[in-house]
Amino acid sequence: MKIQFNLKYFILTIAIFLIEVLIATKLKGIFFVRAYLGDVIVVILIYTFIKIFFKINDNQKLIFGILIFSCLVEFAQYFNIADKLGFREGSLMYIVIGNSFSWIDILCYAAGCLLLFLFVKLQKNNIQFNLK
C-alpha cells in the first residue's frame, strides 16, 4: 500500500457521493432505490474514497475489508451507537451511521462488494488481455 493521490478516483467518488445524496433526498418515493440501491452503492463509494489516497495492489482484500467494516457499522446500529455517541436525530452523523439494524442492509453491502469484485476482476482481465 502506497500513499498517492488519484484524481480519477477523486472524481468518481464525488460522482458516486452525489448519486447517494440524490437517492437520499430526491428519490425517497422510489422504495427500491432508497431502501436497497443506496446500500449497494455505498460500499462502492467507500472503495473509491480509499483509492483516492492509497494505491492498493490487493483489491480483493480491500473489498473484503470494506464488507467487514460495513457489517460492523450495521451491527453497531443494533446497539443504537448513534444515540450513545450523542448524535441528535436528523444530524449528518446520525444519518451516516444509521439508526436501525437490518439483515437486508448486510445483503445489500455484500451485493455491492460482489459487483465491485466482479468489476475489478473484469477490469484486471481486460488489461492483461490487452498486454498480450
Checklist entry - Of 28/51; 84/124; 2/28; 26/55; 2/84; 8/61, which ones are farther than 32 Å apart at the Cα? => result 84/124; 2/28; 26/55; 2/84
Checklist outcome for this item: Here, trypsin sites (Lys or Arg not before Pro) of region 1-103 satisfying both criteria (DSSP loop; at most 13 other Cβ within 10 Å) are 26, 28, 88
Item to check | Cβ charges +1 (Lys, Arg) and -1 (Asp, Glu), total dipole of region 67-129, debye | outcome: 260
Item to check | Estimated inter-spin distance, residue 103 and residue 115, nm [label 7 Å along Cα→Cβ] | outcome: 2.3
Checklist entry - What ratio of Cα Rg to 2.2 N^0.38 Å holds for the chain? => result 1.15
Checklist entry - Label points 7 Å out from Cα along the Cβ direction at residue 8 and residue 57: separation in nm? => result 1.8
Checklist entry - Where nothing but the Cβ of Lys and Arg (+1) and of Asp and Glu (-1) is charged, how large is the charge dipole of region 1-114 around its Cα centre, in debye to the nearest 20? => result 380
Checklist entry - Once the piece of chain linking residue 68 and residue 28 is laid out straight, how much longer is it, given 0.36 nm per residue of separation minus the C-alpha distance between them? => result 11.7 nm
Item to check | Listed residues 103, 42, 5: farthest to the positive end of the dipole of the chain (Cβ charges) | outcome: 5
Checklist entry - Once the Cα atoms of helix 59-78 and of the chain are each reduced to a long axis, what angle between those two axes, in degrees from 0 to 90 to the nearest 10, is obtained? => result 0
Item to check | Mean residue ellipticity (222 nm) of the chain, computed from DSSP H runs ≥ 4 via -39,500 (n - 2.57), nearest 500 | outcome: -23500 deg cm²/dmol
Checklist entry - Helix 38-53 sits at what angle to the longest principal axis of the chain, using alpha carbons and giving 0 to 90 degrees rounded to 10? => result 50
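Taken together, the values in this text are just the output of simple stated rules run on the coordinates, not laboratory data. Just so we're clear, the structure is a prediction, and the values are computed from it rather than from any experiment. Ideal geometry is used to build each Cβ from the backbone, glycine not excepted, and the neighbour counts take in all protein chains shown.
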